[in-house]
Every structure is written in structure tokens, then in C-alpha cells.
1. Counting only residues that are surrounded by 18 or more Cβ atoms within 10 Å (Cβ to Cβ) and within 30 Å of Leu172 (Cα to Cα), how many does the range 75-99 have?
2. Considering only the range 1-87, give the helices (runs of 4 or more DSSP H) lying wholly within it that have at least 2 residues that are in contact (Cβ under 8 Å) with a residue 12 or more places away in the chain and within 16 Å of Leu98 (Cβ to Cβ).
3. Of (1) closer than 20 Å to Arg165 by Cα; (2) surrounded by 20 or more Cβ atoms within 10 Å (Cβ to Cβ), Thr122 satisfies all except one. Which?
4. Those residues that are of a type outside the set (A, V, I, L, M) and either within 20 Å of Tyr151 (Cβ to Cβ) or buried (at least 18 other Cβ atoms within 10 Å of the Cβ) (or both), I need them from the range 32-48; list them, please.
5. Mind checking whether some residue in the range 14-25 is more than 30 Å from Ala149 (Cα to Cα), surrounded by fewer than 19 Cβ atoms within 10 Å (Cβ to Cβ) and either in contact with a Phe, Trp or Tyr (Cβ under 9 Å, 6 or more places away or on another chain) or at pLDDT 95 or above (or both)?
6. Quick one: which helices (runs of 4 or more DSSP H) sit completely within the range 92-203 and have at least 2 residues that are aromatic (Phe, Trp, Tyr), more than 17 Å from Val55 (Cβ to Cβ) and at pLDDT below 95?
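The values are calculated or read from the model by the stated rules, or taken from the named source; none is laboratory data. Note that the coordinates shown come from a computational prediction; the quantities given were computed from them, not determined experimentally. Reconstructed Cβ throughout: ideal geometry from the backbone, glycine too, with neighbour counts over all protein chains shown.
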Amino acid sequence: MIAPPPGQFEALEAAYAVPPRAYHDFGHVREVLRHYDAVAAGPGWVQPDEVRLAVLYHDAVYEAGRRDNEARSARFAVDEIERWLPGAGIDRRRVAELIELTARHGQFGPHDFGKTAVAADTRHFLDCDMAILGAEPGVFDAYDRAIAAEYRGHVPDWLFRFNRRRFLKSLLGKPRIYLSDFFHERLDGRARNNLRRAITSKR
């Protein structure tokens, strides 16, 4: 595992602080890293450095309501890897690819990406980011409120509730919420209970 040089984490935390965020801040990154560590201790990662960097940078650029946050975060990640980790052998395109895939949460199935070990990394990475859906009810409810807070002032409340409810219903309607067996077996049931409550609250 490549150790980040002095200054890289400070620069990253500074990026996540602008603009101020209710959910997509560096606290979210730390939580996703916790799930990253769980995968590392379980099924494992084929490209641990690339995936960890994707976790670190996946929401570095975030403005509620914009459609290009993931693409901008991917470009920022590539630039920062070149700045802080030159010659480290990091596959920057792979990092960018993973980050850009987070723009399409809910659109993939467990058989997407193929059967290679690298494909398993992709599924586990995306599930790490969506693990919040299967959190304890109080933690999930705080997340749901924080998402609403981020959009307040950017999107009319009625439109946010409509789009949010539609997204959550689409997840609940899937045969599997999580792409990997590792997350499906541990979190699917609780995620479905959380989604049902959230959908009911938005009627």
C-alpha cells in the first residue's frame, strides 16, 4: 500500500470542505474507507492502491444539483495523483474510471463488469459507497436528512422529494441492491427496511 506523502491528505481535506457539505464531506470518505478495510480483510482487492485513491477522491468536487461532479472529481484525482505520487505506478485512468462510475449508482446489476478479479474490485468499490443504505436506522436517517440539506436552496423541495423518492424506489425494486455477494449478504435486508421507511416519509 502506497503511503500518501505529507500534504496530500491536508489538500484533500481542504477540497472536501468547499463548499460546506452536510453529507459529502471527508467524514463520508472515512466511512467508505471503513468499508474498504472490511473488503481488504475479506475478499480482498486486486488493485488496492487504485481503489483506495478512488475512495479518497470520489466526491472531492461536489456541488449539489450539478451533473458533472463525478467527472470533475475524476479529473481532480488524476491531477492530484500526478502532483503527489509521480512515478508511483498508479493507474490514473483506472482511478478516474471508478470515480466516474459513481455517477451511475443504481444502474448496474451484479453481473455487470464481467467475471474478472478487476471487475470484482469495481463491484466492491461501488458497494462501499452505497453501504450507507444498509446502516443502522438512525445512521441512515441522518444520511437521508443530510442529503436533503445539501439540496436545499439548489432544488425546490417538492422536486427534490419527487426525485429522491423515485431514486429510492428504483433501488428497492431491484432484485439486489448490492452488486457483490460480500455486501449483499450483510446489508441487503437492512437496506430494504431503510428504503421503505424513507419512501413512506416522502409521500
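1. So the count comes out to 5.
2. Values: elements: 8-16, 26-41, 48-57, 69-84.
It comes to 26-41, 48-57, 69-84.
3. It is condition (1) that Thr122 fails.
4. First pass over the range 32-48, keeping only residues of a type outside the set (A, V, I, L, M): 34-37, 42-45, 47-48.
Within the range 32-48, His35, Tyr36, Trp45, Gln47 qualify.
5. Step one: of the range 14-25, the residues more than 30 Å from Ala149 (Cα to Cα) are none.
No, the range 14-25 has no match at all.
6. Numbers: elements: 92-101, 117-130, 137-151, 157-172, 181-201.
The helices (runs of 4 or more DSSP H) meeting that bar are 157-172.
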